[in-house]
């Protein structure tokens with residue numbers, strides 16, 4: 001009887017630990033919360049975290065995994081590349097991230113600096129992005145089209161990407177490059193998830209994941225339109 005009681009106590013403790021470690025996206029990207037958010041800073045030094053004073057460093061386990069997989073892939077594929085530069089995720093419990101963001105509320109959104117040609121890291125203490133990759137409606141020379149395209153393909157291939165939000169000029173550049181490489185139709189699903197938006201994405205791309213399996217209180221965004229979307233660019 002005593003042994004049974006000990007076993008029951010151990011089981012309860014294990015369940016409590018598992019519940020505490022489980023991250024969950026709640027609600028919508030623009031109106032949600034984050035349960036047991038994980039800090040990107042807990043995963044080592046393979047990223048360069050910007051805007052640390054904002055403390056928007058939390059996401060679901062799935063989002064942190066995606067960021068770290070991208071970091072590992074980029075440094076292994078491109079040996080002269082330093083680190084990916086990560087902007088805001090979500091607050092520790094999610095919720096409103098205004099005035100900087102309408103979204104970033106349920107732990108499934110993150111801003112990441114485009115892959116540059118010049119491997120110059122931005123200051124962690126800066127109040128805003130120090131590098132612009134689109135000026136006057138044109139992509140700058142510092143935008144590394146090949147690396148960005150390869151890493152976008154890598155992210156979508158992982159299977160849980162909802163959208164990658166970019167500036168309209170960036171989408172046009174990627175479409176042109178994919179066409180030259182003969183990959184526009186082959187990677188149609190990648191291109192359809194690269195969504196053009198001229199308002200906020202001249203300095204970075206916005207990665208958004210789908211609701212994780214099992215997060216039943218998470219509200220998914222509708223799927224992007226079929227097709228690569230390049231014909232309208």
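Since every read-out is calculated from the coordinates, none of them should be taken as a lab result. These numbers were taken from a predicted model, which means no experiment stands behind them. Note that each Cβ is placed from the backbone with ideal geometry, even for glycine, and that neighbours are counted across all protein chains shown.
Results, tabulated for the structure shown:
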read-out: Scaled radius of gyration (Cα, divided by 2.2 N^0.38 Å) that segment 158-227 gives; value: 1.21
read-out: Calculated [θ] (222 nm, deg cm²/dmol) that DSSP helices of n ≥ 4 give over the chain, each run adding -39,500 (n - 2.57); value: -9500 deg cm²/dmol
read-out: Residues 41, 165 arranged by fewest to most Cβ contacts within 10 Å; value: 41, 165
read-out: Stretch gain in nm, segment residue 158-residue 28, where the contour uses 0.36 nm per residue and the Cα spacing is subtracted; value: 44.6 nm
read-out: Segment residue 138-residue 45, length gained on full extension (0.36 nm per residue, minus Cα span); value: 30.2 nm
read-out: Among [x] 73, 40, 36; [y] 69, 39, 28; [z] 69, 60, 31, the entry derived from the coordinates for Cα extents along the principal axes in Å; value: [x]
read-out: Residue 180/residue 98 FRET efficiency (R0 35 Å; Cβ-Cβ; nearest 0.05); value: 0.30
read-out: Cα-based Rg and Dmax for segment 64-197, where Dmax is the largest Cα-Cα distance (Å); value: 15.0, 44
read-out: GNM result for the chain, Cα springs below 10 Å: residue of 97, 178, 126 fluctuating most strongly; value: 126
read-out: Taking 206, 48 and counting other C-beta atoms within 10 Å, the order from fewest to most; value: 48, 206
read-out: Percent RCO, i.e. relative contact order, over segment 24-209, from Cα pairs under 8 Å lying at least 6 residues apart; value: 22
